Amino acid sequence: MPAPGPRVALVGAISLLTAGCGGVLDPVGPVGAQERQILFNSTAIMLAIVIPVILATFAFAWWFRAGNPRAKRRPNWDYSGSIELVVWSIPLMTVMLLGGIAWIGSHDLDPAKPLPSTVKPLDVEVVSLDWKWLFIYPDQGVATVNQLVVPAGTPVNFRLTSATVWNAFFVPRMGTMIYTMPGMATRLNLQADEPGVYDGQSSQFSGDGFSGMRFKVEAVPPREFSAWANSVRGRGEVLDGGRYAELAKPGSYVKPVTFGKVIPGLFDAIVNMAAPLPELALNDRPDADDSPKAGK
C-alpha cells in the first residue's frame with residue numbers, strides 16, 4: 001500500500017489546526033473569551049522567540065556555508081558578553097511576560113469567582129456518574145440527565161461533585177474545565193452570552209463508558225428558560241433516592257431524561273456520601289405539599 005502523499009499530510013495538518021475553531025477558539029461567553037485572549041497573547045509572546053531563532057538558523061547556515069569566503073573561522077573564540085546578554089535577557093523577559101499573564105489570568109478567571117452581572121445567577125448542581133451527567137436545579141426543583149438548559153446572558157453558578165471517580169466538566173465554548181471529585185464540591189461560574197446548543201463533555205478518562213459521557217448545553221432566552229422550568233416542574237419522573245440508585249448504575253450514551261421533582265438535599269447527600277440514599281424520598285421534605293404529613 002503506497003505511503004500517504006504530501007497532499008494527505010497537508011490536509012491532516014490543516015484538520016488538526018482547525019479542529020479547535022468550534023471550541024475554545026470560538027467562545028460564547030466572557031470566560032471563554034478571556035481564555036482565548038490568554039492563548040493568543042501567550043502564543044504571540046512565544047513566537048517572539050521562535051520566529052527569530054528559526055530565521056537565525058537559516059541565516060547562520062547560509063552565512064557559514066563552505067562557499068562563503070567572507071565567513072571567518074575563529075577556533076579560539078569562547079566568550080562574548082553581548083551574545084550572553086541577548087541569550088539570557090530575551091528568554092528572561094519572555095518568562096516574565098508569560099508569568100504575568102498566568103498570574104493575572106489565574107486570579108481574574110478563578111472558577112469560584114462570581115461573574116459581574118446585574119442578573120441574578122442561576123444555581124445548578126452537577127453530579128458526574130458512570131457515565132452520565134446529572135444536573136439539579138435547586139431553585140426550580142427539577143433535574144435533567146445529559147441535558148443542561150440555561151438562560152442566555154445569565155451567569156450560571158455551578159456546584160459540582162462526583163458520585164464515583166474523578167471526572168472533568170468541560171463546555172469548550174463556555175470555557176474553564178474543572179474537576180469533579182467524590183466527597184468534595186467544587187464551584188464554577190460560566191455564562192453563555194447568546195442562545196445556541198453547545199457540546200459538553202468529560203475531559204478526564206473514567207472507564208469503559210467514557211466516550212459516551214457527553215451532554216448538550218441549550219442556552220435559551222430567559223423567558224423560554226422560565227417557560228421550560230414551569231412546564232417540567234411537577235411532571236414526569238420523580239428523582240428520589242430509589243430512582244437515583246437506578247440512575248447511578250453504570251451506563252453510557254444515556255439519552256436525556258427530565259425529572260419534574262427532586263428530593264431536597266440530594267446533592268449534599270451525594271457529596272457527604274450519606275447512606276443509604278435509596279431511603280431518601282420526596283416525602284422527606286417537611287414542606288412537601290403531597291406528603292402525608294402535609295395532608296393532615
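So the values come out like this:
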quantity: Fully extended contour minus Cα-Cα distance, from D78 to I101, at 0.36 nm per residue; calculated: 4.6 nm
quantity: Considering only the chain, percent of DSSP beta bridges that pair antiparallel, nearest 5; calculated: 65
quantity: Region 20-108: translational diffusion in µm²/s, Stokes-Einstein, Kirkwood Rh over Cα pairs, 10 °C, 1.306 mPa s; calculated: 96
quantity: Nonlocal Lys pairs with alpha-carbon distance under 17 Å, the chain (8 or more apart, or different chains); calculated: 4
quantity: Listed residues L109, L85, L239, most fluctuating in the chain (Gaussian network, C-alpha, under 10 Å); calculated: L85
quantity: Kyte-Doolittle mean at least 1.0, axial Cα span of 30 Å or more - DSSP H helices of the chain; calculated: 30-63, 81-108
quantity: Normalised per residue, the volume of the convex hull around the Cα set of the chain (Å³); calculated: 219
quantity: A274-F205 pseudo-label distance in nm [points 7 Å out on the Cα-to-Cβ vector]; calculated: 3.6
quantity: Net charge over other residues, Cβ less than 14 angstrom from the Cβ of P221 (K, R count +1; D, E count -1); calculated: -3
quantity: Rounded to 5, percent antiparallel among DSSP beta bridges of region 84-204; calculated: 70
quantity: Charge-dipole axis of region 122-282 as Lys and Arg at +1 and Asp and Glu at -1 on Cβ define it, positive-most pick from N157, M181, P221; calculated: P221
quantity: FRET efficiency, L109 to F58 (Cβ-Cβ, R0 41 Å, nearest 0.05); calculated: 0.60
quantity: Region 36-57 and region 212-240: distance between their alpha carbon centers, rounded to Å; calculated: 44
quantity: Residue among A229, A274, A163 with the largest mean-square fluctuation in a Gaussian network model of the chain, springs linking Cα atoms under 10 Å; calculated: A274
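Read the figures in this text as sums done on the coordinates, not as results from a lab. Since we're looking at a predicted model, the values are computed, not measured. With ideal geometry, Cβ positions are generated from the backbone for all residues, glycine too; neighbour counts draw on all protein chains shown.
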